[in-house]
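The values are calculated or read from the model by the stated rules, or taken from the named source; none is laboratory data. Predicted model, so just to flag it, every value in this text is computed and none were measured. Here the Cβ positions follow ideal geometry from the backbone for every residue, glycine too, while neighbour counts run over all protein chains shown.
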């Protein structure tokens, strides 16, 4: 049972951080005002970190039964997938949604703006230039895009934005002219945007009235600042809740960006811990990586810390399978499934407007599945290299000599392995390919050369792979 310290340590680490890390609520500083107005700032490029603030703001507005959400917009645009997710989050709020273009709403900012009922703009602000572009490494735009790809992306984005424009009563032709350079915008026999150009509107252009009856082109009006907007909307300053980015959300964003690396460290650390005897550094490092991983999803407001508990239970079942009932498979499979499930669900964003038993959508699994896939592939490569080269290194021999129970030295450990070489015994739990075999009065961990060896078969030790004896049937 010497590996049970793994479970105990993980439990202590999780419990020590859980009460202090609910940044999505504790650090916001927001006063929950029922029926009030929540102001959510978007001040950066539309990238995943922006989602944390918007997500928390919408969840707080829903919990407070707010009547209105105002998006305080100033952005150069950003990723389409993040924009789509952000629009989905806004759609969860059933109250009135308003966008205030504080300075600029380019590209993705324009998409988000038309997903609200009303758009107001500050003096000198602009909106538009929403044509899709390729993003080079580092986030810089690349103008050149293959024609087929451009047509495909433009069509998909245009449909999404048109649907929101129609839903909230915005001029669909204006939105299309911002996205598709093949579209001409003509209102009242006046050409506002020629074919081959992408539409960008100033605040004065966006609020001009056209048609019969007269209707403003896109913006409901120009207002000096948020205070002036509150007055127009009939909002008292006492009922305004401004959602500010918290330090823990920034930490959560950073943690989730490196989540594949954390998972790799965790998997490799636990693998090394179970391959070496006693208490060791790999287990501590691996468990710490898992704690940080679950902590990232928790403080970002994505999931409950309860998924850490599910991971613990799965780990316990895996330990029971390995140490107490090897070869039974069921406990190990259930444990592994619980661990993998917890890893995935820790980064799935739950919709607070739906019942707890409602299944997440496929899109909500994109981030965790991507992180898990990268981590598993990377870990597999490292484990193959570790199994081949680590036992031959001085570092491994140092770990063994430091961690074996009873203060066993490296020399004694090697001598013990040499004394076992060539011994014959009997399999006491089926090798698939790992298991246990009994040699005289001693039962030890063994592994075959890949084949399955059933219980009761005689075997012979021919080599060692780290701590495990390599055997063949005789």
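When the stretch 71-84 is examined, which residues are found to be over 22 Å from residue 233 (Cβ atoms) and surrounded by fewer than 22 Cβ atoms within 10 Å (Cβ to Cβ)?
Those that are over 22 Å from residue 233 (Cβ atoms) and surrounded by fewer than 22 Cβ atoms within 10 Å (Cβ to Cβ): 76, 79, 80, 81, 82, 84.
So how many residues does the stretch 414-431 have that are buried (at least 16 other Cβ atoms within 10 Å of the Cβ) and either in a loop (DSSP other than H, G, I, E, B) or at pLDDT below 80 (or both)?
2
If you go through the stretch 162-193, how many residues are under 36 Å from the mean Cα position of the chain (by Cα) and more than 20 Å from residue 109 (Cβ to Cβ)?
Within the stretch 162-193, residues that are under 36 Å from the mean Cα position of the chain (by Cα) and more than 20 Å from residue 109 (Cβ to Cβ) number 0.
Any residue in the stretch 432-443 that is free of Cβ contacts under 8 Å to residues at least 40 places away in the same chain and at positive phi sitting within a Cβ distance under 8 Å of a residue that is in a strand (DSSP E or B) and surrounded by 15 or more Cβ atoms within 10 Å (Cβ to Cβ)? List the pairs, counting only those 6 or more apart or interchain.
From the stretch 432-443, the pairs are 440/425.
Okay, residues lined up against (1) modelled with pLDDT of 80 or more; (2) outside the structural domain of residue 228 (by TED's automatic domain parsing):
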{"position": "17", "(1), (2)": "no, yes"}
{"position": "22", "(1), (2)": "no, yes"}
{"position": "35", "(1), (2)": "no, no"}
{"position": "53", "(1), (2)": "yes, no"}
{"position": "63", "(1), (2)": "yes, no"}
{"position": "72", "(1), (2)": "yes, no"}
